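Worksheet: one structure, shown below.
Just so it is clear, none of the values below were taken in a lab; they were calculated from the coordinates. Every value quoted in this text rests on a predicted model; they were computed, and no experiment measured them. Note that we place each Cβ from the backbone using ideal geometry, even for glycine, and neighbour counts take in every protein chain shown.
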Amino acid sequence: AQSVAQPEDQVNVAEGNPLTVKCTYSVSGNPYLFWYVQYPNRGLQFLLKYITGDNLVKGSYGFEAEFNKSQTSFHLKKPSALVSDSALYFCAVRDMGRDDKIIFGKGTRLHILP
Amino acid sequence: DTEVTQTPKHLVMGMTNKKSLKCEQHMGHRAMYWYKQKAKKPPELMFVYSYEKLSINESVPSRFSPECPNSSLLNLHLHALQPEDSALYLCASSQTGIVNQPQHFGDGTRLSIL
């Protein structure tokens, strides 16, 4: 079965510093990978996806992610963190098991400190 | 602004009640989803409708009954729920349901079962 792992429950970053939220995946075949963000009391918002092509994917709100096949990773990055980036971030992967759907990692809470 | 609208935002019901959750989108999307999200956990897929037909049922108990009256509306009928069903219920939509398409989420209905 396909899966994603987010090894950090929480990441703290000072405002203005670069941020990284980690995601590793385990799939058979070529992965479809996604990042979503959830702000407090809101639904999820799509940030970016990797299906094929360039390993560096640019997304919404200045976020980007790097697909690394050798390390089976898809880390989310931003060069300069804002306090408003504080939220819950989910990595997700296509699961081609019984049903064709996406499954989410457990989530990483990002705190940007002023 | 959220393009997927869910009502009500909050719902408290007893275990013998019958209630419905509603979801509406006007983006012309032909796939709609129900997810269940417990606190500090990732969303779990419940149902998928594609072109108004139920395409995925993730072995959800029959006390949850989905309905898709037309391409813009998605309902979730609730009956005889259990306390463990208390959660945030999220609706989402995507263009046609192909997995590589971003999903657009509503802000959810927070359900409490007494």
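Determine the equivalent ellipsoid of the stretch A:1-104 by diagonalising the alpha-carbon gyration tensor, then write out the semi-axes as square roots of 5 times the eigenvalues, largest first, rounded to whole Å.
Working from the Cα gyration tensor, I get semi-axes of 23, 15, 12 Å.
Mind checking which aspartates and glutamates have their C-alpha under 13 Å from B:LYS22, skipping anything on the same chain fewer than 8 residues away?
B:LYS22 reaches B:GLU67, B:ASP107.
So, R0 is 30 Å and r is the distance between the beta-carbons of B:LYS22 and A:ASP100; what FRET efficiency does that work out to, to 0.05?
The calculated FRET efficiency here is 0.70.
Take every residue in peptide A:91-102, count the Cβ atoms of other chains within 10 Å of its Cβ, and give the average of those counts.
Average per residue, whole number: 3.
Equivalent-ellipsoid semi-axes (√(5λ), Cα gyration tensor) for the protein assembly as shown, whole Å, largest first?
Taking √(5λ) for each eigenvalue gives 30, 20, 16 Å, largest first.
Cysteines of the protein assembly as shown lacking any other cysteine beta carbon under 4.7 Å?
Unpaired cysteines in the protein assembly as shown: B:CYS68.
Hey, got the average number of other protein chain Cβ atoms within 10 angstrom for residues in B:93-106?
Averaged over the peptide's residues, the number is 4.
I'd like the mean, over residues of A:44-55, of how many other protein chain beta carbons sit within 10 Å of each residue's own Cβ.
Counting other chains' Cβ atoms within 10 Å and averaging over A:44-55 gives 3.
Beyond a 18 Å Cα-Cα separation, which of these cross-linked pairs lie in this structure: A:LYS101/B:LYS36; A:LYS22/A:LYS49; A:LYS49/A:LYS77; B:LYS9/B:LYS53; A:LYS22/A:LYS58; A:LYS22/A:LYS106?
B:LYS9/B:LYS53
What distance in nm separates the simple spin-label points at B:GLU67 and A:ASP54, each placed 7 Å from Cα in the Cβ direction?
Distance between the two pseudo-spin positions: 4.7 nm.
In Å and whole numbers, how far do the C-alpha atoms of the stretch B:1-81 stretch along each principal axis, longest first?
35, 29, 26
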